[in-house]
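Visitor: Dropping a structure here in C-alpha cells format, bear with me for questions.
Every number here is computed from the coordinates shown, using simple stated rules; none is lab data. Everything numeric in this text was worked out from a predicted model, so none of it was measured. Here the Cβ is made from the backbone with ideal geometry for all residues, glycine too, and neighbour counts use every protein chain on show.
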Amino acid sequence: MTDTDVERLPGMAAQQGVVWLRVALDVPLPGPFDYRHAAPLAPGMRVIVPFGRRRLVGIVTDVPAAPSIDPVHIKPIDRVLDDLPPFTPDWLRLARFAAAYYHRPLGEVMLPALPPPLRKPSAYEGQRSGAGPVARLDAKHAKAQAKTATPPDAAATVADDTDLAPVEPVLNAEQEIAVAAIRALRGFKPVLLHGVTGSGKTEVYLRAARDVLAQGRQVLLMVPEINLTPQLEAVLRGRLDAVAGPGSLAVLHSGLSDGERLRAWVRAQRGEARVLLGTRMSIFAPLPELGLIVVDEEHDASYKQQDGLRYSARDLAIWRARDRDIPVLLGSATPSLETWQQAERGRYLRLTLSARAKASQPPAVRLVDTRRLAMKQGMSPQLIEAIGKRLERGEQSLVFLNRRGYAPVLHCASCAWVSQCPRCTAFTVLHRGPGPGGHILQCHHCGYQARVPRACPECGDQDLQPMGRGTQRVEEHLSQLFPQARILRIDADSTRRKGSAQSLFASVHAGEVDILVGTQMVAKGHDFARLGLVGVLNADAMLFAHDFRAPERLFAQLMQVAGRAGRHAEGGEVLVQTGYPEQPIYQALLRHDYAGFAGPALAERESTGLPPFAHQALLTAEARELAQALEFLQTARDLPDGEMAGSFPTADAVTRYDPVPLRVVRVANMERAQLLVESTSRPALQAFLSAWSAMLHELPAASRVRWQLEVDPLEI
C-alpha cells in the first residue's frame with residue numbers, strides 16, 4: 001500500500017501495513033503529533049517529518065494502536081535517523097517528568113537538550129541512510145587518531161611509568177567518615193556534603209566516583225559555571241583515568257562548538273565516557289550506566305535555566321537519581337535553604353566537613369565600618385593598607401565587586417540628568433574602552449550601546465561625571481595606588497572570547513598577578529595558592545533588596561569569596577566594607593557560621609509562608625503596552641473564579657496574587673508584568689498549574705502578549 005493510497009482512506013479504520021507514531025517536535029504547541037510509517041519504530045528514535053511548510057527533526061514518543069485524529073490528515077515521516085540508537089527509557093522518563101513538572105510541551109524539552117547537529121534536518125540532507133553528523137564525526141575522529149597514533153613501544157613505556165600516577169592525599173577523619181558513608185549507600189539517597197571552603201569536598205567526590213567507576217558504572221559531575229571546568233577537568237583526568245581508562249572523561253557545556261558538544265554527547269550515550277563533567281545542560285545527557293550524580297556548589301543560581309524550559313538542574317538531578325535508584329551527592333559550603341531544610345528533617349543524609357583539609361585555619365574576617373571613613377573610589381584606608389602589606393610579603397590580593405563596567409551610571413551635576421537606556425527602564429552603564437573616544441554606555445538588560453555624549457543632552461554642561469564604580473574603575477584606581485603591582489581584572493567583559501577565562505585564571509595560578517579584581521566569577525571553586533587577602537566592596541547593595549532570597553545569596557556569596565583567602569597558608573584575611581556591621585548576616589560571617597545564619601533565616605521564611613515552606617509559580621507577560629500585559633495576567637488570575645471553576649479542584653489551596661509590573665518594567669521596548677501563585681502543597685499547586693496552563697493558550701489576550709510560566713522561580 002502506498003502513502004497515496006493511505007491518504008485516500010477515510011475515517012479511523014485500521015490499515016494493514018501502516019504504523020501510527022507520535023512524534024515530539026520543538027514547537028510551542030502541546031503535541032506530540034501523529035505521523036505514519038510502514039514499520040514500527042522504537043520510542044526514542046529520531047525522525048525527520050513534515051510540519052507545515054517546514055521539515056523538522058522529532059523524537060518518537062509512542063506507537064499507539066490508533067491515531068488521535070482522522071487518518072486522512074496524517075502525513076508520513078520523511079526519514080528515520082538511525083545514526084544513533086534510540087534514547088533509552090530512563091532518558092525518556094526524565095524528559096516526560098520535566099515537561100509535566102515545568103508545564104512545557106514534551107518536544108520543547110527533548111529537542112533543545114540535543115546537540116544542534118542532531119536536531120537539524122540540514123545536517124542530514126544529501127546524505128545516504130545511516131550517514132549524518134555522527135558518521136562524519138566518527139570518520140573525522142578515526143582520521144585524527146590515525147595521524148596521532150602512539151607507537152606500540154612508546155605506549156608500553158608510558159603505561160609502565162608508575163611515577164606518572166598522581167599521589168592521593170591522605171584523608172582527614174571527617175573525609176574518611178564521609179567517604180565510608182557514601183560507599184555504604186545502596187540505592188537512591190540524597191546526600192548533603194556540607195563542607196567549609198577548602199575542606200576537601202572535591203576529594204570526597206573523587207573517592208566516591210572512583211568506587212562507582214570500579215563497579216563499571218558512569219558518573220555525572222555537575223558544576224555551576226563553565227570557568228570551573230578546566231581546573232576540575234585536569235584533576236579528574238589525573239585521578240580517575242587509572243580506574244576508568246585513558247580518555248574516559250567527557251566535558252559538556254555551552255561554550256563548546258557544535259562538534260565538540262556532539263562528540264561529548266555521543267561518547268556519553270555510547271558509554272565510552274565513564275565520567276561526564278558538565279554544567280546544567282549535562283543533566284539531560286544520555287548515560288545508560290549512570291551510577292552516581294554529583295552536584296557541586298548545589299546552591300548556585302546558575303543551575304536554574306532562565307529562558308526556554310526554566311528548569312532547575314539540581315532538582316532534576318535529584319529526580320533522576322531517584323528514578324535510577326542511585327545516590328546523588330549535593331556539595332556546598334553554603335547550601336540552599338531548601339536543601340538545608342531537607343537535611344534538618346532527615347530526608348537528606350548530611351555529612352559535614354568542618355575544617356580545612358590542608359590544616360590551615362579559616363581566614364580572619366574583619367568588618368570595616370565605612371560610616372565615618374574617608375573613602376577613595378569606594379575603598380577604605382584599612383583595605384588599601386592591607387593590600388600594600390600583602391604586596392610587601394609577595395602575596396596576592398583579591399578585590400571583589402559584583403558590578404562590571406566602569407561606573408553604573410553617567411550623570412550631570414548641573415541638571416541631574418542620568419544616562420538612561422532608551423529601550424529599557426534602566427540606566428546605561430559606563431564602560432571604559434581604549435583611547436579617549438572608546439568609552440561607551442551600555443545597557444546590561446537589552447545590550448543597547450551608545451557613545452558617551454560630549455555634553456549633557458538636557459542642559460549642555462560638558463562636565464559629565466561617572467557615578468558609583470564598577471570593576472574597571474576599581475582596576476584603574478588600584479593601578480594608580482600601586483603602580484608597581486601586576487593587576488588583572490576578571491569579569492564578563494574581560495572573558496568574552498573563547499578560552500580567555502581559562503587563560504586569565506591560569507595567570508593567577510601561575511603567580512603572574514599581584515592584585516585580582518573580579519566579580520562573582522572569581523568567588524567560587526578556585527584554589528588560589530598565594531591569595532592571602534580578600535577585600536569586599538559594596539556588599540550592602542544586596543542587603544535590602546526586594547527579593548526575599550537576597551540575604552541568602554549575599555551570605556553565600558560572601559562565604560564563597562572569603563573562602564578564597566589563605567587556603568594554603570596561615571594568616572588569610574577578609575575585609576568586608578559595610579555601613580551596617582551589626583546586621584546578623586555579617587555577624588554570622590565573622591564566625592564562619594552557616595548554621596547560625598540558616599536557622600533564623602528558615603524561621604523567618606516559615607513565619608512569612610515563603611519557600612521552602614511554600615511552593616511558587618510565576619506567570620510573566622510582556623507586550624508593547626503595559627496595559628496589555630496586565631490585562632492578560634488579570635484574565636488568567638480570574639479564570640478559576642468564572643464558569644471554568646470546576647476545572648480547578650485544588651484552587652482553594654492556591655493563593656493567586658494580583659498582577660504587578662516588574663521592577664525593571666521595560667526591556668528592549670517591551671513592557672513586563674508578573675503574577676505569582678503559591679501553595680503550601682506542591683501536589684495542589686501542580687494540579688492547579690496543569691489545568692491553568694492548558695487554558696492560558698486559549699485566552700484571547702494570549703495572542704497579544706508573550707508569556708512564560710515558571711515553576712519554582714528563583715527571582716520574583
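Visitor: Straight-line reach only, C-alpha to C-alpha below 21 angstrom: list the lysines that residue 389 could link to, leaving out same-chain residues fewer than 8 apart.
Guide: Candidates past the 8-residue exclusion: 376.
Visitor: Follow-up question, since we're still on this one. Over the alpha carbons of the range 216-261, what is the largest minus smallest coordinate on each principal axis, giving the biggest first in Å?
Guide: 28, 21, 16
Visitor: Then there's this: Per the chain: cysteines with no other Cys C-beta under 4.7 angstrom?
Guide: 446
Visitor: Next question. Rounded to the nearest angstrom and ordered from largest down, what semi-axes does the equivalent ellipsoid of the range 629-669 get from its C-alpha gyration tensor (root of 5λ)?
Guide: 27, 11, 7
Visitor: Listed highest first by mean packing, meaning other Cβ atoms within 10 Å per residue, what order do 633-640, 258-265, 274-281, 412-419 come in?
Guide: Packing proxy ranking, top to bottom: 274-281, 258-265, 633-640, 412-419.
Visitor: Okay, next question. Quote the relative contact order of the range 615-711 in percent (integer), defining contacts as alpha-carbon pairs under 8 Å separated by 6+ residues.
Guide: 45
Visitor: Given contacts defined as C-alpha pairs under 8 Å and at least six residues apart, what's the relative contact order of the chain, whole-number percent?
Guide: 11
Visitor: Which of the residue pairs 201/498; 75/120; 140/304; 189/358 have a Cα-Cα distance greater than 31 Å in the structure shown?
Guide: 140/304
Visitor: Let me know the Rg and Dmax you get for the range 3-133 when you use only its Cα atoms, in Å.
Guide: 14.5, 41
Visitor: At each listed q (0.15, 0.16, 0.24 Å⁻¹), what is the log10 of I(q)/I(0) that the Debye formula gives for the range 615-711 modelled as equal alpha-carbon point scatterers?
Guide: -0.54, -0.61, -1.24
Visitor: Please give the calculated 222 nm ellipticity per residue for the chain, where each DSSP H segment of at least 4 residues contributes -39500 (n - 2.57) and the sum is spread over every residue; nearest 500 deg cm²/dmol?
Guide: So the helix-based figure for the chain works out to -9500 deg cm²/dmol.
Visitor: Over the Cα atoms of the range 408-469, what Rg and Dmax result, in angstrom?
Guide: Both quantities, over Cα of the range 408-469: 11.0, 30 Å.
Visitor: Taking every DSSP beta bridge that has both residues in the range 167-353, what percent is antiparallel when rounded to the nearest 5?
Guide: 5
Visitor: Out of these labelled values of semi-axes √(5λ) of the Cα gyration tensor in Å, [x] 42, 32, 23; [y] 44, 35, 27; [z] 68, 33, 29, which was calculated from the coordinates shown here?
Guide: Only one option fits the structure, namely [y].
Visitor: Starting with the highest mean, order 313-319, 693-699, 352-358 by the number of other Cβ atoms within 10 Å, averaged over the residues of each peptide.
Guide: Packing proxy ranking, top to bottom: 313-319, 352-358, 693-699.
Visitor: In the chain, what percentage of the DSSP-assigned beta bridges are antiparallel, given to the nearest 5?
Guide: If I count the DSSP bridges inside the chain, around 50 percent turn out antiparallel.
Visitor: I would also like to ask the following. Sorted by packing (mean other beta-carbon atoms within 10 Å per residue), highest first, where do 641-649, 76-84 land?
Guide: 76-84, 641-649
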